[in-house]
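Structure first, then comments.
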Amino acid sequence: METMNIAPPADMTNDPVTSEGVVAAGAYVDGRRVANIAIEEASSWRSKPGHVVWIGLHEPDMTILTSVQQQFQLHDLAIEDADHAHQRPKIEQYGEGLFIVARTAQLVGDSIAFGETHLFVGEGYLVSVRHGASTSYAPVRARCESCPRALARGEDYILYAILDFIVDNYSPVLETIQEEVEAMEEQVLASAMTRAQIERLYLLRRDLLRLRNAVGPLVEVCRRLEHDNLPMIRPTMQPLFRDVTDHVRTVQEQIDSLREVLAFAFEASLLVGQAQETAVSKKLASWLAIIAVPTAIAGIYGMNFKHMPELEWEYGYFAVVGTILIVCAGLFWRFRRAGWL
C-alpha cells in the first residue's frame with residue numbers, strides 16, 4: 001500500500017505530542033499506527049484510503065477545538081458543547097458524523113467527582129475530548145494497538161472501546177461504596193446511627209443519585225448505536241454496543257440496589273433509635289411508678305393533721321414502711337416480668 005511507503009520509523013511512532021491539550025494524535029492503517037500527526041495534518045491523513053485518525057484531547061482551549069473543527073468540518077453546535085463541559089449524556093447526528101457525550105466518574109476522597117467525555121466520530125476519524133475527573137484513555141489506545149486486527153475494524157471500534165472503558169470505570173467506584181455501605185449496615189443493627197453517620201449516609205445517597213443520572217442516559221446512547229443503523233456504525237459492531245448496553249444496565253441495577261440498602265439502613269437506624277427510646281421510657285415510667293408509692297404515702301402522713309389513723313398506734317410507722325416496701329417490691333417484680341426493667 002502507498003501508505004506503508006511513507007510510514008515513519010518505529011521509534012518515531014511513539015514520540016509524544018507536546019501541544020498543550022493534545023494527549024495523542026495518530027494515523028492508523030490496518031490497526032497499526034503509521035504516524036504521530038499534528039492537528040493541522042489530520043485532514044490530509046484522514047483523506048488517504050484505509051486511514052483512520054485518532055485524536056485524544058484533554059481540556060483543550062477553543063483554539064485547538066477550532067482547529068479540529070476545520071480539519072473534520074464539525075458542526076458549530078457540537079464544538080460549542082465540547083467547549084462547555086456541562087452537558088447531559090446524549091448522542092446527536094450532524095450529517096455523516098456523530099457527537100456523543102458520556103459522563104465519567106472517579107472517587108476523590110470520600111465523594112464522587114464527575115467529568116465528561118465528548119466524542120466526535122465520522123468516516124476515518126475519532127476525536128475524544130476529556131473534561132474534569134476522568135481516567136486517561138491511554139490504556140484504551142494501548143490495548144487497541146496491541147490487537148491490530150481488532151483496531152483495523154475502524155473508528156466505530158475505537159468508539160466502542162472508549163465507551164466500554166468508561167462504563168467499566170464505574171465499577172471500582174461502586175465497589176468502594178458497596179464496602180462502605182456494608183460496614184454501615186452492620187453498625188446500624190448494633191446501635192443507632194450518630195449524626196456524622198447520618199450525614200455520610202445522606203451524602204452517599206446523593207452521590208449515587210447523581211451517578212445514576214450520569215449513567216442512565218448512556219442506555220439510550222448505546223441503544224441508538226445498536227439499533228438505529230447509523231451510517232458510521234457497521235452492523236458487525238452492533239453486538240458490541242449491545243454488550244456495553246448490558247453493562248450500563250448492570251451498573252444501574254447496582255446503583256439502585258445500593259440506594260435501597262442505604263434507605264433501609266436509615267429506616268433501620270430510626271427503628272433502632274425508637275426502640276432504644278421506648279426502652280428508656282419504659283424504665284423511667286417503671287421507676288416513677290415505684291417511687292410514686294412512697295411519695296404518695298409519705299405525702300399523706302406529712303400533712304400534719306392532729307387526728308389521723310395510726311398516729312397513736314405503736315407499730316404504725318413499721319406498718320407504713322412495710323406496706324411501702326411490699327408494694328414497691330410487687331411493682332418491681334411486675335415490671336421486671338413484663339420486661340420494662
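The values are calculated or read from the model by the stated rules, or taken from the named source; none is laboratory data. Because the structure is a prediction, the values reported are computed rather than measured. As a convention, Cβ positions derive from the backbone with ideal geometry for all residues, glycine included, and neighbour counts pool all protein chains shown. With ligands, DNA and RNA removed, areas are computed over all heavy atoms of the protein, side chains included. Shrake-Rupley method; radii C 1.70, N 1.55, O 1.52, S 1.80 Å.
Below, the figures for the structure above:
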item: Test: residue in the range 262-273 that is crowded, with 18+ Cβ neighbours inside 10 Å and of a type outside the set (A, V, I, L, M, F, W, C); result: yes
item: Every residue from the range 77-86 that is farther than 20 Å from S136 by Cα and touching a strand residue (DSSP E or B) at 6+ places or on another chain (Cβ under 8 Å); result: L77, A78, D81
item: Flag for M308 being in contact with a Gly (Cβ under 8 Å, 6 or more places away or on another chain) and outside any helix (DSSP H, G or I); result: no
item: Residue that is farthest from L211 (Cα to Cα) [pool: residues in the range 121-164 that are among the aliphatic types (A, V, I, L, M) and open to solvent by 40 Å² or more (accessible area, probe 1.4 Å)]; result: A152
item: Residue within the range 171-178 that is touching a Phe, Trp or Tyr at 6+ places or on another chain (Cβ under 9 Å), touching a residue at least 24 places away in the same chain (Cβ under 8 Å) and surrounded by 13 or more Cβ atoms within 10 Å (Cβ to Cβ) present; result: no
item: Pair list, Cβ under 7 Å, 6 or more apart: the range 39-52 residue within 19 Å of D156 (Cβ to Cβ), other residue surrounded by 15 or more Cβ atoms within 10 Å (Cβ to Cβ) and among the polar types (S, T, N, Q); result: A42/Q71; K48/T3; G50/T3; H51/T3
item: Only one of I255, I290 that is within 30 Å of S171 (Cβ to Cβ), surrounded by 14 or more Cβ atoms within 10 Å (Cβ to Cβ) and not small (G, A, S); result: I255
item: Single residue of A150, A196, A161 found to be hydrophobic (A, V, I, L, M, F, W, C), free of Cβ contacts under 8 Å to residues at least 24 places away in the same chain, assigned to a helix (DSSP H, G or I) and in contact with a helix residue (DSSP H, G or I) (Cβ under 7 Å, 6 or more places away or on another chain); result: A161
item: Single residue of V280, V181 found to be of a type outside the set (S, T, N, Q) and either surrounded by 12 or more Cβ atoms within 10 Å (Cβ to Cβ) or within 23 Å of E116 (Cβ to Cβ) (or both); result: V181
